[in-house]
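Accompanying notes for the structure given below.
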Amino acid sequence: MKGSLYIVSTPIGNLEDITLRALRILKEVNLILCEDKRVTIKLLNKYEIKTKLISYHKFNERSQTEEVIKELKNGTNIALVSDAGTPIISDPGFELVKEVRENNIKVIAIPGPCALTSAISVSGKVKNDFLFIGFLSDEKNKRTEKLKSLKDRSESVLLYVGPHDLKKYLKEISDIYPDIEIFICRELTKIYEEFISGKIKDIIEKLKDKEVKGEVVLGLIFNQEAGLTEITDKEVLDSINKLTNKGLSLKEIAKILSNEYNLSGNKIYNLYIKNK
Ligand code: SAM
């Protein structure tokens, strides 16, 4: 009989955030693949789990995958965990799961903590659709390109941000979307857990003299009002002028542009009047 691969979610800070099933599986499997043994051992020690740990991370993902599949084929049951939260979600393991599935071996989810879902659930800002990006590129050009590509979105966008990048990213985002509303979930489930929300400029001001430590989930609220950029305003105005020159009435223009730019009619009237 082949073994199974269990994808086990572990805490994102508070070690009590682990399910009974996760603890049982971590005890019962023959091997646990983890990112950093020093991190996972703390969890195992707390719950007196003695299962053997093997390191599996982005630098050895390829070479380890073959070995893991061999073990699974021999009947070994294996769990994959990451340092925090749900494996694969901005964490290693995708190649492994893909290959294991291709070999017709069972992959079983042991669901639990995830910074993304935790942030959404407490934000009071994301009701339905959202777009999860994870980490932005380390390269400024790619980051800017990605951020600009979001301009026509109407759903909220969720990003993972490392402790040292937050202020830099906020500045870059506000250069593109000066009026956007954002929220920040910092250090979820930990002692210094913090939630901040508001207009990006106000938040930049608030954080100006503070050192921001810890892990962050950043939400960008792309709704009709908050997502408007100065550039988009200009684009809308240019379109209004073009359509006016063609002899269309303001009512007709508002109808066309509200569809095209996903804007309210009021916003278009106001822009028109302000710039008449
Ligand atoms: N797989 C994990 C999950 O399920 O959320 C995410 C791993 S990713 C390498 C780490 C990023 O997740 C951090 O940089 C941060 O953006 C976010 N994160 C993890 N723990 C967090 C926490 N306690 N509070 C806020 N964000 C957290």
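Structure above, values below:
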{"quantity": "The range 6-22, residues that are closer than 27 Å to Lys70 by Cβ and away from the ligand (no atom under 14 Å from the Cβ)", "calculated": "Tyr6, Arg21"}
{"quantity": "Subset of the range 159-169 [open to solvent by less than 20 Å² (accessible area, probe 1.4 Å), more than 8 Å from the ligand (Cβ to nearest atom) and not aromatic (Phe, Trp, Tyr)]", "calculated": "Leu166"}
{"quantity": "Candidate set: the range 83-126, residues that are of a type in the set (A, V, I, L, M, F, W, C) and near the ligand (Cβ under 7 Å from one of its atoms); chosen: the one nearest to Ile25 (Cα to Cα)", "calculated": "Ala84"}
{"quantity": "Matching entry among Glu172, Glu211, Glu145 (being surrounded by fewer than 14 Cβ atoms within 10 Å (Cβ to Cβ) and assigned to a helix (DSSP H, G or I))", "calculated": "Glu145"}
{"quantity": "Cβ pairs under 8 Å, 6+ apart, first in the range 80-106 and free of Cβ contacts under 8 Å to residues at least 12 places away in the same chain, second within 14 Å of the ligand (Cβ to nearest atom)", "calculated": "Phe94/Ile88"}
{"quantity": "Unmet criterion (only one of (1) within 17 Å of the chain's Cα centre (by Cα); (2) away from the ligand (no atom under 16 Å from the Cβ); (3) aliphatic (A, V, I, L, M)) for Leu220", "calculated": "(2)"}
{"quantity": "Those residues of the range 22-63 which are open to solvent by less than 40 Å² (accessible area, probe 1.4 Å) and part of a helix (DSSP H, G or I), in sequence order", "calculated": "Ala22, Leu23, Ile25, Leu26, Thr40, Leu43, Leu44, Glu61"}
{"quantity": "Any hit, the range 71-91, residues being assigned to a helix (DSSP H, G or I), buried (at least 19 other Cβ atoms within 10 Å of the Cβ) and among the β-branched types (Val, Ile, Thr)", "calculated": "no"}
{"quantity": "Extreme residue, nearest to the ligand (Cβ to nearest atom), among residues of the range 133-142 that are free of Cβ contacts under 8 Å to residues at least 40 places away in the same chain and either outside any loop (DSSP other than H, G, I, E, B) or out of contact with any Leu (no Cβ under 7 Å at 6 or more places or on another chain) (or both)", "calculated": "Ile133"}
{"quantity": "Test: Lys190 is within 19 Å of Gly85 (Cβ to Cβ), surrounded by fewer than 17 Cβ atoms within 10 Å (Cβ to Cβ) and not assigned by TED's automatic domain parsing to the domain that holds Ser258", "calculated": "yes"}
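The rows are residues; the columns are (1) within 15 Å of the ligand (Cβ to nearest atom); (2) touching a strand residue (DSSP E or B) at 6+ places or on another chain (Cβ under 8 Å).
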site	(1), (2)
Glu181	no, yes
Ile184	yes, yes
Glu187	yes, yes
Lys190	yes, no
Glu193	yes, yes
Ile200	no, yes
Glu205	no, no
Glu215	yes, yes
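The values are calculated or read from the model by the stated rules, or taken from the named source; none is laboratory data. This structure is a prediction, so every number in the text was calculated from the model and none was measured. In this analysis, Cβ positions are derived from the backbone assuming ideal geometry, glycine residues included, and neighbour counts consider all displayed protein chains. Ligands, DNA and RNA are stripped out before the accessible areas are found, and what is left, the full protein with its side chains, is counted by its heavy atoms. Shrake-Rupley method; radii C 1.70, N 1.55, O 1.52, S 1.80 Å.
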